[in-house]
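Data first, discussion second: the structure below is written as structure tokens.
The values are calculated or read from the model by the stated rules, or taken from the named source; none is laboratory data. Nothing here was measured: the structure is a model prediction, and the numbers come from that model. Don't worry about glycine lacking a Cβ; one is built from the backbone with ideal geometry, like all the others, and counts go over all protein chains shown. We work out accessible area using only protein heavy atoms, side chains counted, and drop any ligands, DNA or RNA first. Shrake-Rupley method; radii C 1.70, N 1.55, O 1.52, S 1.80 Å.
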Amino acid sequence: MEWETVIGLEVHVQLATTTKIFSGASTAFGAEPNTQACAIDLAMPGTLPVPNEQAFRYAVMFGLAIDAEIGKRSVFERKNYFYPDLPKGYQTTQLESPIVGPGHVEIQLADGSTKSIRIHHAHLEEDAGKSLHEDFHGMSGIDLNRAGTPLIEIVSEPDMRSAEEAVAFARKLHSIVTSLGICDGEMSQGSMRFDVNISVRPKGTEEFGTRTETKNLNSFKFMEDCIALEVERQIDLIEDGGSVIQETRLYNGDTKVARSMRSKEEANDYRYFPCPDLLPVEIDDEFIEAVRQTLPELPDARQQRFVEQYKLSEYDAGILAADSATAHYFESTTEKCGDAKLAANWVMGEVSAHLNAEEKDITSSPVNTDMLAGLIARIKDNTISNKIAKQVFEDMWQGEGDADAIIEAKGLKQMSDTGELEKIVDEVIAANQAMLEDWLASEPDKRKKKMGGFMGPIMKATKGQANPGLVNQILAKKLNSML
Amino acid sequence: MDRSDIAKLAELARIEIADSTVDEVAKSITDVLTLVDQLQAADTDGIAPMAHPLDATQRLRADVVTESNRREDFQALAPAAEQGLYLVPKVID
């Protein structure tokens, strides 16, 4: 039987506010444990929460970016459960009246097609602390610095039909929230975490299968692997005559193993009710319009602008426009070197390959836009070939200075001296008599291709510094004169 | 409310209810629910649910740090703390 996968996502996005959602404690990452957990975060008796206006502003920015209706009257509720990283015994969240209503996000797939994924809603809530399961004499250690960090939880409709679509959607959300500047996007620090709801059904049927939820994925790669594994598990189960149980699962990306966490039967009964400590939050049109005025350029609009302004392909523009730091790096390089096509190739090629290999962010690239533009300028004016340029880039990456300094210091300047090149070409032809005989005897339409055989020895003789265009001219002239 | 409902509620609320008092608690809660039933008989069609008894809206605060580190004070109250962490019975998923 042919099966269809159905996927919906719940995405937790940590908002880049300076302070917590309900207290004035700092949210800075990496502080000593519990030094940023104040009386409100610790649920000390007699404390009262006061919501952070910036968290609302950021949530509204997201809502406007996905074309959603903004909840002008949103209500906080208590979601009751016991866990040591949740001091109050409830999470303050939104249920019936969230800040962001239904919206949609467009994704692009590898085959060039696009698809619209519906967003059910997005609500504001607080993050929990962290349990460290290391053994402190048989006890767990709790760090509550993260408790009370503002989150928006984005809930999609079950509109995705493959791991590819789910990952494209997750990447798009990452691109939107980082472009808006409402989240730092640092997935390894837990700034964006994904819960994936997965079910399968016979292709062509309408009814959804029983779903499982895999919680807390914090990498696109883990998400892709985990979906493939879970889809296979569910299909095997059903084809073997069994059935899928609705349950929460955990996936370990390092070992590539998933396990059941708890089944929904024993699942929590959260007993939501409106939080008596917080009044309904009302937001007026003036607030929404003021936020709209601050919206930066979004990835889709930027992609279209790159296509029109720089004549890039949709695909290249999509890659360069996806996050604002990369887009800025590309545009700055282009402005300085005056060649968008070359700038695009270098940013997507050498720069991103080096960044990936060293797991660096483009903002901390050892080769800045001045240096890259300087290198591109030397390719354009024929000082160096593309091949030598890669070598110079490597040296720049290692901190050996800018392109001009490296070209000068290492004598990498391209040989464009016709007299000198003619001499080398003569020598190479003389030293390769067999190749010459073969060339002279070949069909006229094959000669151009066969001429390439001489390029290797010539480049070798010039340590790769010969101007390839010039060598081609000289070589063609010499060989043709021997016919 | 029967004994199993009370057991489930006690579990959810992490409250211990002595076996000898379960019937009494069940009766008390049933009395309260009977009152709620009477309230639910009222016609509320077209009336928006009330989120808060006060007819007011929430004031928001500026995103500025106002709290300082008082970890030593707070951890002095905790039953156990080590290396800056609060210690609790081992957490198992």
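Among the numbered conditions (1) touching a Pro at 6+ places or on another chain (Cβ under 6 Å); (2) farther than 22 Å from residue A:149 by Cα, tell me where residue A:112 comes up short.
Of the numbered conditions (1) touching a Pro at 6+ places or on another chain (Cβ under 6 Å); (2) farther than 22 Å from residue A:149 by Cα, the odd one out for residue A:112 is (1).
Only one of (1) in contact with a Leu (Cβ under 8 Å, 6 or more places away or on another chain); (2) in a loop (DSSP other than H, G, I, E, B); (3) of a type in the set (Gly, Ala, Ser) is not met by residue A:179, so which one is it?
Among (1) in contact with a Leu (Cβ under 8 Å, 6 or more places away or on another chain); (2) in a loop (DSSP other than H, G, I, E, B); (3) of a type in the set (Gly, Ala, Ser), residue A:179 violates only (2).
For segment A:337-377, give me each residue that is in a loop (DSSP other than H, G, I, E, B) and more than 18 Å from the chain's Cα centre (by Cα).
Within segment A:337-377, A:338, A:339, A:366, A:367, A:368 qualify.
Identify the residue in segment A:124-144 that is part of a strand (DSSP E or B) and away from every other protein chain (no Cβ under 14 Å) and, among all such residues, is nearest to residue A:32 (Cα to Cα).
Here is the first cut: in segment A:124-144, the ones part of a strand (DSSP E or B) are A:124-126, A:130-136, A:139-143.
Subset that is away from every other protein chain (no Cβ under 14 Å): A:125-126.
Working: A:125: 24, A:126: 20 Å.
If we take residues in segment A:124-144 being part of a strand (DSSP E or B) and away from every other protein chain (no Cβ under 14 Å), then A:126 is nearest to residue A:32 (Cα to Cα).
Looking at (1) within 29 Å of residue A:150 (Cβ to Cβ); (2) more than 7 Å from chain A (Cβ to nearest Cβ); (3) at pLDDT below 90, which is the one condition that is false for residue B:12?
(2)
Suppose the filter is out of contact with any Gly (no Cβ under 6 Å at 6 or more places or on another chain), under 26 Å from residue A:188 (Cβ atoms), at pLDDT 95 or above and open to solvent by less than 30 Å² (accessible area, probe 1.4 Å); does residue A:330 pass it?
Answer is yes for this residue.
Listed residues B:68, B:20; which is farther than 24 Å from residue A:28 by Cα, more than 24 Å from the chain's Cα centre (by Cα) and open to solvent by 60 Å² or more (accessible area, probe 1.4 Å)?
B:20
This table checks each residue for (1) crowded, with 17+ Cβ neighbours inside 10 Å; (2) touching a Phe, Trp or Tyr at 6+ places or on another chain (Cβ under 9 Å); (3) assigned by TED's automatic domain parsing to the domain that holds residue A:217.
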| site | (1), (2), (3) |
| --- | --- |
| A:74 | yes, yes, yes |
| A:113 | no, no, yes |
| A:124 | yes, yes, yes |
| A:135 | no, no, yes |
| A:151 | yes, no, yes |
| A:155 | yes, no, yes |
| A:160 | yes, yes, yes |
| A:164 | no, no, yes |
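Does residue B:55 fit the bill of being in a loop (DSSP other than H, G, I, E, B) and of a type in the set (Asp, Glu)?
Yes; evaluated as a whole, the condition is true for this residue.
Filter segment A:173-202 for residues that are basic (Lys, Arg) and surrounded by 18 or more Cβ atoms within 10 Å (Cβ to Cβ) and give the result.
A:193
Inspect segment A:103-117 for any residue being polar (S, T, N, Q) and within 14 Å of chain B (Cβ to nearest Cβ) and give the result as yes or no.
Step one: of segment A:103-117, the residues polar (S, T, N, Q) are A:108, A:113-114, A:116.
From the residues that got through so far, the ones that are within 14 Å of chain B (Cβ to nearest Cβ) too are none.
No, there is no match, as no residue in segment A:103-117 is polar (S, T, N, Q) and within 14 Å of chain B (Cβ to nearest Cβ).
Filter segment A:206-247 down to the residues that are among the basic types (Lys, Arg) and part of a helix (DSSP H, G or I), then identify the one that is farthest from the chain's Cα centre (by Cα).
It comes out as A:233.
Just checking, which of A:181, A:190, A:209, A:185 is small (Gly, Ala, Ser), within 14 Å of chain B (Cβ to nearest Cβ) and in contact (Cβ under 8 Å) with a residue 12 or more places away in the chain?
A:181
Out of A:36, A:54, I need the residue that is within 14 Å of residue A:152 (Cα to Cα), facing chain B (nearest Cβ under 8 Å), modelled with pLDDT of 95 or more and surrounded by 20 or more Cβ atoms within 10 Å (Cβ to Cβ). Which one?
Result of the check over A:36, A:54: A:54.
With the structure loaded, tell me whether residue B:62 is exposed (fewer than 13 other Cβ atoms within 10 Å of the Cβ) and within 30 Å of residue A:281 (Cα to Cα) or whether it fails that test. Full working, then the answer.
Numbers: exposed (fewer than 13 other Cβ atoms within 10 Å of the Cβ): yes; within 30 Å of residue A:281 (Cα to Cα): yes.
Yes; evaluated as a whole, the condition is true for this residue.
Just checking, does segment B:40-54 include any residue being open to solvent by less than 80 Å² (accessible area, probe 1.4 Å) and within 30 Å of residue A:44 (Cα to Cα)?
yes
Give the residue, chosen from B:32, B:65, that is β-branched (Val, Ile, Thr) and at the interface with chain A (Cβ under 8 Å from one of its Cβ atoms).
When all the criteria are applied, what remains is B:65.
In segment A:16-33, how many residues are of a type in the set (A, V, I, L, M), closer than 21 Å to residue B:58 by Cα and surrounded by fewer than 19 Cβ atoms within 10 Å (Cβ to Cβ)?
The first filter runs over segment A:16-33 and keeps only residues of a type in the set (A, V, I, L, M), leaving A:16, A:21, A:25, A:28, A:31.
With closer than 21 Å to residue B:58 by Cα added as a condition, the list becomes A:21, A:25.
From the residues that got through so far, the ones that are surrounded by fewer than 19 Cβ atoms within 10 Å (Cβ to Cβ) too are none.
Result for segment A:16-33: 0.
Would a scan of segment A:424-442 turn up a residue that is hydrophobic (A, V, I, L, M, F, W, C), at pLDDT below 85 and surrounded by 11 or more Cβ atoms within 10 Å (Cβ to Cβ)?
Checked against the condition, which is being hydrophobic (A, V, I, L, M, F, W, C), at pLDDT below 85 and surrounded by 11 or more Cβ atoms within 10 Å (Cβ to Cβ), segment A:424-442 yields no hits at all.
Looking at (1) crowded, with 18+ Cβ neighbours inside 10 Å; (2) assigned to a helix (DSSP H, G or I), which one does residue A:279 not meet, given that it meets all the others?
(2)
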